[in-house]
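The values are calculated or read from the model by the stated rules, or taken from the named source; none is laboratory data. As the structure is a prediction and not an experimental result, all values here were calculated from the model. Cβ atoms come from the backbone with ideal geometry, glycine included; neighbour counts cover every protein chain shown. In case anyone asks, the SASA skips ligands and DNA or RNA and just uses the protein heavy atoms, side chains included. Shrake-Rupley method; radii C 1.70, N 1.55, O 1.52, S 1.80 Å.
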Amino acid sequence: MSLDVRAITPSETADWMRAVGTGFLTAGTPSEELVADRFADADLSRTQGAFEDGRCVATFRSFAQELTVVGGATVTADAISGVTVTPTHRRRGLLSRMMATDLAAAKERGEPVASLIAAEYPIYGRYGFGPAAWASVWEISVNRAGLDPRRSGQPVGGGRVEMVDGADVRKLGPEVHGALAARQPGVVTRGERWWRQRTGAAPSSAHEKWTEPFYVVHRAADGTVDGLMVYSADDKWGDAKQPLNTASVRDMIALNPAAERALWHYLCSIDWITAVRSGYRAPDDLLPLLLPDPRAARLITNADWLWLRMLDVPRALEARTYGVEASLVLEVRDDAGLAGGRFLLDASTSGARCVPTTRSADLALGVGELAMLYLGDESVRRLVDLGRAEELRAGAATTADAVFRTGRRPWCPDVF
């Protein structure tokens, strides 16, 4: 049978979601409520499926997303999600066809970058994506952390931690997240539906039963909410009737180190909790060093997280700020022909000017490697040493590192 790759129709949404479940190994028939909620504000023109004999066998969707870049500005990203190919239809070029259609449309719309969270590392490099932000997870052994059990849950400086409920989080959370997004490279949009899903007010998935977590906020001395933590806990006891419970963080935003310290110390002070899993944090998160004994925080995950793809190099590079004032000519290779070329970047701490040029290049690299540099995470020198970038002028790699790198690493708190 021939394969029909196209945007889906309203009558095909349930079948599309069934195919997503098959691809992500979460088989099951989605409920009518879940389908209606998932597609309530979806753009079906950006929701593709591959169909054989009327059955959906591959899926792909994208949506508009605001991404914070270095300096606090945002760019509109073509956020890609729900990418699956049914096991019986692999190696037929379905993903390549859907990806080409989507990226061309995003380019036409004027979106300077595309974004995604990669389930597997090897897939997306061939489409010009590169890992722009990584994520780490720590597990804290509470008994080894060195915190005084009489004081570890008490914030300093006049702040306080208080329990709230889901309705409070839907009210307070967007403002806290907005303050984070105003300065943290890598943060992406959280719409109203995101907050409803994460607080039980809307169905979250077809295969996970909702369990209410615990919600706490940190208030500064003046009463302002400057931190939010959402966590759950298991129920595990040893043979000698001793508690061995683990608290797992689902979400944690802190707008300053005092709030961050208070929330972690609060979680480590809860009776019966002997271990804490941090959830996905920036690789240079403060967490281990907020404990008297940093070795109590064992690194259990360090992996690529947010992947980006340049679609308009000048617009993307002009949106962010840079570490020093310098000029670089970049030769950007793009096998798909979407964003390649030679560009003069005049960078400064307040912004940049980026234009096509015929001047000799200082540095040559692929569009995926440029994405790795975009949020300040990767080292140009390291890419040169790996053979993934070429230094065409002596000293260009050192200059480029001073231009692109940032004092703290980017962080994307969300999966999408």
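Points to keep in mind about this one:
- Euclidean distance of C-alpha centroids, the stretch 222-245 and the stretch 1-26, integer Å: 39 Å
- Residues whose placed amide H lies under 5 Å from that of residue 133, excluding near-sequence neighbours: 305, 306
- Point-charge dipole on Cβ atoms (K/R +1, D/E -1) for the chain, about Cα centre, debye to 20: 460 debye
- Antiparallel bridge percentage (DSSP; both residues within the stretch 170-277; nearest 5): 80 percent
- In sequence order, calculated HN-Hα J values of the stretch 292-309 (Karplus, 6.51, -1.76, 1.60; Hz; x Gly/Pro): x, 10, x, 5, 5, 9, 8, 6, 10, 9, 8, 8, 4, 9, 7, 10, 10, 9
- Helical mean residue ellipticity (222 nm; -39500 (n - 2.57) per DSSP H run of 4+; nearest 500) of the chain: -7000 deg cm²/dmol
- Ranked packing of 19-26, 373-380, 39-46, 65-72, most packed first, by mean Cβ within 10 Å: 373-380, 65-72, 19-26, 39-46
- Cβ charges +1 (Lys, Arg) and -1 (Asp, Glu), total dipole of the stretch 278-416, debye: 160 debye
- Spacing of the two label points (7 Å from each Cα toward its C-beta) at residue 44 and residue 74, in nm: 2.8 nm
- Largest-first principal axis extents, alpha carbons of the stretch 342-401, Å: 28, 24, 21
- Each peptide among 294-302, 261-269, 183-191 gets the average number of other Cβ atoms lying within 10 Å of its residues, and from highest to lowest they stand as 261-269, 183-191, 294-302.
- DSSP beta bridge pairing in the chain, given as percent antiparallel to the nearest 5: 85 percent
- Within a straight-line Cα-Cα reach of under 29 Å, residue 241 can be paired with the following lysines, leaving aside sequence neighbours fewer than 8 residues apart in one chain: 209.
- Remark: the stretch 316-329, residue by residue, has Karplus-estimated 3J(HN,Hα) of 5, 6, 6, 7, 9, 9, 9, x, 9, 8, 6, 10, 9, 9 Hz, where x stands for each Gly or Pro and the curve is 6.51 cos²θ - 1.76 cosθ + 1.60 at θ = phi - 60°.
- Option label - Cα Rg over 2.2 N^0.38 Å computed here, alternatives (1) 1.06; (2) 1.19; (3) 0.99: (1)
- Ranked order, 237, 195 - accessible area, probe 1.4 Å, largest first: 237, 195
- Euclidean distance between Cα centres, the stretch 385-416 to the stretch 248-270, Å: 30 Å
- For the stretch 141-207, with +1 on Lys and Arg beta carbons and -1 on Asp and Glu, the positive-most of 158, 188, 177 along the dipole: 188
- Ordering 81, 125, 244 by Cα displacement along the dipole of the chain toward the positive end leaves 244 in first place; charges were set at the Cβ atoms of Lys, Arg (+1) and Asp, Glu (-1).
- 5 angstrom amide H check on residue 322, placed H, neighbours 5+ away: 348, 349, 350, 351
- Residue-by-residue Karplus 3J(HN,Hα) for the stretch 67-79, coefficients 6.51, -1.76, 1.60, Hz, glycine and proline x: 10, 7, 10, 4, x, x, 6, 10, 10, 7, 9, 7, 7
- Of all DSSP bridge pairs formed entirely within the stretch 246-380, close to 65 percent run antiparallel.
- For residue 65, the residues whose amide H sits under 5 Å from its own are 77, 79, ignoring neighbours fewer than 5 places away on the same chain, with H placed 1.01 Å from N.
- In terms of packing, defined here as the mean over residues of other Cβ atoms within 10 angstrom, the peptides 251-260, 381-390 line up highest first as 251-260, 381-390.
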